[in-house]
Amino acid sequence: MPLRPLLLACAALLAGCTQNPATGSRMLTLSTQAEQRKIGDATAQSHLKAEGLYRPGSAAAAYVTGLCNQVYAVTEAAAEAVQCNLSDDGSFNAFATPGYLFVHRGLLPFLSSEDELAAVLGHEAGHLTARHVARSLTQARAAQLILMGGAVALGAGGADPLTMQTAGNMGNTAGQLGMARFSRSHETEADAIARRYLQKAGYNPAAGVSMARNMLNYGNYAALQTAAFGAEDDSLLDGVKSSHPASPERVAAALAETGEPQSLPPLQDLVRQRYLNAINGLPWGPQRRYGIARKTELVLTRQRIVLPLPEGTTTHYLSSGHPRNLGTWLIAHPHSGVSIRLTSLPMQSGSNPASIIEKSLPTLRSKTERITLGGTQPSGTTLDDLALTESDTTPEEADLAEDDLAPPTEVIGYTATHRFLNSPKRWRTVAFGAPTHTNEMLIFTIIYPSEEAMQQEDANLMAVLKNVRFLTRTQALKYKPLELYTFHAAAGDSVARQASKLPVGAFQEELFRALNNIPGTAEMQPGQIYKTLLDLNP
């Protein structure tokens, strides 16, 4: 019988189950430790190539990696080598892969104490000690065996090809759902393991409650951004939705295990103060080479361009995973419903902005127009008034140091409007060559929610975009990312007042609450330490 060897192989594998010390349960592994480590090495190297480490040797990096090693030392796998890293990735995330544990720089502003960071590290360590990568590999390979068995059975039974294809599709769908379900269970299991590690490391296990509430507050802010960028840009929340339990469920589960975390008076909460001191002055957003989003402009330092933004916009950066690729900037104006995607393409032989528009847009487009961008200069204090210091140049930005030629005052670009059948939305694409050695084209895709919105907003928005400014290398290097700073609340301070000072164009209160884990309508407490963002550029 064709199935017999397959079933015997499965039975032999089941007999090889071993007990996992971290979970206490027996687990089947269909991959070797060498295979798992190879996956870990590849994942780590890919991430480091794209984002790098955040200022190795700095106080912040030493603090995070030191705490990571401290937490990992109490795990069942403490004897196994693991490399702790603070990556220079501005996104809200942390992850573990065999042999490595990464905390993104962009996660730190949304945590409020050392206990909460320890909870994150314990959670990621739980993924490693519970062998979740190995279990995911086993599940995927087991699903393949089942599908192979189903195909063999159908073939032996004389099933027609269409029936076999349908069964295969059903199996693939079931496998995908199972992977999502198990991924959720892995997250829940890692939370439970983290509570044990926190207690062993001398931290409050109830910090998992605060950590989950931070995720909930961040999720509220990110959901508003996602809605503003449009349904097609739901990738902002895809990672959280697919791999983490819903935040209210996560808070409830943590509360059931530990109860409410006990708050201490500000002057006695030493672990909170220690954490806030460590992250004070941390850069906000992606690395400078990918761009700096200010309240009313987006500065592309590598391309040496300053793009004005309409009042009331929100921005979000999506990495391409390649250090010399701009990635994608999402820009939205919630009041009007207009959103913009900014990306770049290499300027290849025979291509130009006009040809890109004509080749890539659908047939329902207007005639491509030639436009002039630039020609304006800033007033008041400028970057030329500031001194360039040694620390303004980083190794990652060496490509900015190639020349310091005078930039053009204006460039020629091309634009066209277009639409898709049966869609109420209207699109405008603007393309022009970046006037620097990067040899790339910048592509703006403006999305209007309707024909009416386009008629109302297009002229004003195009007038704003045409006022781009071009920088010298020295000017570009003088721009600094926004920075995170801490302050003590004074009597009469309020969320609304402090949120209005944030150098962002939209969703200021939601961001301030997310930064400081202030839920609902709760208010600031005098004497307590809070976080804010500062823009130190002129």
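The values are calculated or read from the model by the stated rules, or taken from the named source; none is laboratory data. The structure displayed is predicted, hence computed values, not measured ones. Positions of Cβ are generated from backbone atoms using ideal geometry, with glycine treated the same way; all protein chains shown enter the neighbour counts.
Tabulated results
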| read-out | value |
| --- | --- |
| Verdict on residue 326 being buried (at least 18 other Cβ atoms within 10 Å of the Cβ), in the same structural domain as residue 452 (by TED's automatic domain parsing) and modelled with pLDDT under 95 | yes |
| Top-ranked residue of segment 496-528 - restricted to ones that are more than 23 Å from the chain's Cα centre (by Cα) and buried (at least 19 other Cβ atoms within 10 Å of the Cβ), ranked as farthest from residue 214 (Cα to Cα) | 498 |
| Hits in segment 97-130 - residues which are crowded, with 22+ Cβ neighbours inside 10 Å, more than 20 Å from the chain's Cα centre (by Cα) and outside any helix (DSSP H, G or I) | 98, 113, 130 |
| Positions within segment 194-213 being modelled with pLDDT of 90 or more, touching a Ser or Thr at 6+ places or on another chain (Cβ under 8 Å) and of a type outside the set (D, E, K, R), in sequence order | 197 |
| Filter result (of a type in the set (Asp, Glu) and in contact with a Pro (Cβ under 8 Å, 6 or more places away or on another chain)) within segment 402-444 | 440 |
| Boolean, residue 538 is assigned to a loop (DSSP other than H, G, I, E, B) and more than 20 Å from residue 216 (Cβ to Cβ) | yes |
| Residue that is among the small types (Gly, Ala, Ser) and out of contact with any Phe, Trp or Tyr (no Cβ under 6 Å at 6 or more places or on another chain), where the choices are 459, 431 | 459 |
| Residue that is surrounded by 21 or more Cβ atoms within 10 Å (Cβ to Cβ) and out of contact with any helix residue (DSSP H, G or I) (no Cβ under 8 Å at 6 or more places or on another chain), where the choices are 301, 313 | 313 |
| Residue 233 crowded, with 16+ Cβ neighbours inside 10 Å, at pLDDT below 90 and either under 21 Å from the mean Cα position of the chain (by Cα) or within 17 Å of residue 510 (Cα to Cα) (or both) | yes |
| Residue 444 being in contact with a Leu (Cβ under 6 Å, 6 or more places away or on another chain) and either within 21 Å of residue 367 (Cβ to Cβ) or modelled with pLDDT of 75 or more (or both) | yes |
| Every residue from segment 293-330 that is farther than 15 Å from residue 467 by Cβ, of a type in the set (A, V, I, L, M) and assigned to a strand (DSSP E or B) | 293, 318, 330 |
| Pairs with Cβ under 9 Å, 6+ apart, first in segment 486-507 and part of a loop (DSSP other than H, G, I, E, B), second modelled with pLDDT under 95 and charged (D, E, K, R) | 505/311 |
| In segment 462-485, the residues that are within 22 Å of residue 311 (Cα to Cα), aliphatic (A, V, I, L, M) and not in a loop (DSSP other than H, G, I, E, B) | 462, 463, 464, 465 |
| Every residue from segment 59-68 that is exposed (fewer than 14 other Cβ atoms within 10 Å of the Cβ) and either of a type in the set (D, E, K, R) or more than 18 Å from residue 82 (Cα to Cα) (or both) | 59 |
| Count of segment 414-437 residues which are of a type in the set (S, T, N, Q), under 15 Å from residue 371 (Cα atoms) and within 30 Å of the chain's Cα centre (by Cα) | 1 |
| Hits in segment 41-72 - residues which are touching a residue at least 12 places away in the same chain (Cβ under 8 Å), assigned to a loop (DSSP other than H, G, I, E, B) and under 29 Å from residue 199 (Cα atoms) | 54 |
